[in-house]
1. Thr182 to Met61: extension gain in nm, 0.36 nm per residue of separation minus the Cα-Cα distance?
2. So for each of 182-188, 63-69 I average, over its residues, the number of other beta carbons within 10 Å; can you give me the resulting order with the highest mean first?
3. How about Lys177: which lysines have a C-alpha closer than 21 Å to its C-alpha, ignoring those fewer than 8 places off in the same chain?
4. Using the 10 angstrom Cβ neighbour count as an exposure proxy, how do Ser235, Ser30, Ser278 rank, fewest first?
5. Work out, in µm²/s and without decimals, the Stokes-Einstein translational diffusion coefficient of the stretch 9-80 at 25 °C, 0.890 mPa s, Rh from Kirkwood over C-alpha pairs.
6. Shape verdict for the chain, please, from the Cα gyration tensor: rounded (a/c under 1.5), prolate (a/b greater than b/c) or oblate.
7. Give the Kirkwood hydrodynamic radius (Å, one decimal) of the stretch 24-216, defined as one over the mean of 1/r across all pairs of different Cα atoms.
8. Divide by every residue of the chain the summed helix terms, -39500 (n - 2.57) for each DSSP H run of at least 4, and state the resulting mean residue ellipticity at 222 nm, rounded to the nearest 500 deg cm²/dmol.
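The numbers here are math on the coordinates, done by the rules we state, and not lab data. Since this is a predicted model, take the numbers as computed values, not measurements. Note: ideal-geometry Cβ built from the backbone for every residue, glycine included; neighbour counts use all protein chains shown.
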Amino acid sequence: MFGLLLLASLIFTYIAFTEPVYRTDQVISSSYTHSGNYKFTAPVTEKNPLYPFGSNLEMGMPAYFFSISPTMDTSFTYTLMATDSANVDVELKTMVVATASGSTDDGTKTFWQKKFPIKSSESRKITDGESLTHRFIIDVPDVQSMVKSVQDQIKYSQDTEIELVTYVTYQGTINGKTVTGTDEFPIPLTITSSYYQMPEKLGDEKIIDTYETRKTPIDPPFLSKALPFTALLFSIAFMSLLGICKKGCTVVDQSLLDKLKREHEIDREHAQFNEWISNGVFPNDTTLLTKIEIDTLQDIVDAAVDMNERVIHDADSGTYFVIHGGLLYYFRKSTPDNLLMSDGASGVDI
């Protein structure tokens, strides 16, 4: 388990410190702008007490009267601006659009709509930054008459919204890409029984943006490196600790096994030599005896047989011994690191 953890943390740390980190953004790769502006004057074609005959009423007046200036000399100018380049075929066509709306259970909806085309139109190929102008005349009483004719035929007496709409149809290449489409530039035309009105703002623009995904190299967050590196350090520490524990446990286990094996062999030999062994207590005072340590139980039994003596076994201390002619022959059952045997010490004194 620790090995798999170490391997995984090592891989994640390597990736965190070597793999580049990116920020993904949606950026504008291409952009172009359609703009359209209306201009008009209302020529004074009827004698009146307000304005000189033959003069032109400019834009921005609050109202224009049928009895003074019933027509408008109008122009619509279309301009194309691109971030790189443009080469498109453009057609301008203006219409008067009448729309009748009403309330329903689902909200306001269009009841009917009618478009009345202005006869003239304009078309030309233009490039980036160029403009195309469409000029036309609007006979306001005539527009009012056409709308009223529709209302009378369908017996609709409610108010009708009237707009002047120029449709810009374009096809070609903008910023290196093929484009095609139609944009609308509407302005309201308010008509009453005696006058008409035009808004003060007669222009609009439409920005067309094309986006692309862009990757930007960034400095990775601190945690993206710190977390896998910390995991790697913990894994190394755990593996080292596991190795130390395993080695220590192996040494302890082997030492214990060796001790048990030795004691088992001695017990087996004891049973084998049981007829030459008697139980007893190791003497307390052995200072007057010369001590001779025997390596194996077999050897001390053989020595006792040669000396016509019996081997005495002190079960409490695990010592086998023979006393003969002022000599103390002894064999220790337990290993020296587990049994302290020294002169004057408690336990067995030799």
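1. Full extension from Thr182 to Met61 adds 40.4 nm.
2. Details: 182-188: 15.4, 63-69: 17.1.
Going by the mean number of other Cβ atoms within 10 Å, highest first, we get 63-69, 182-188.
3. Lys125, Lys206
4. On the way: Ser235 20, Ser30 17, Ser278 10.
Fewest-to-most Cβ neighbours within 10 Å comes out as Ser278, Ser30, Ser235.
5. Details: Rh = 18.0 Å.
For the chosen part, D equals 137 µm²/s.
6. Numbers: a/c = 7.52, a/b = 5.63, b/c = 1.33.
Prolate shape, in that a/c is at least 1.5 and a/b is the bigger ratio.
7. Details: mean 1/r = 0.0527 Å⁻¹.
19.0 Å is the Kirkwood radius here.
8. Values: 4 runs with 93 residues, N = 350.
So the calculated ellipticity at 222 nm is -9500 deg cm²/dmol.
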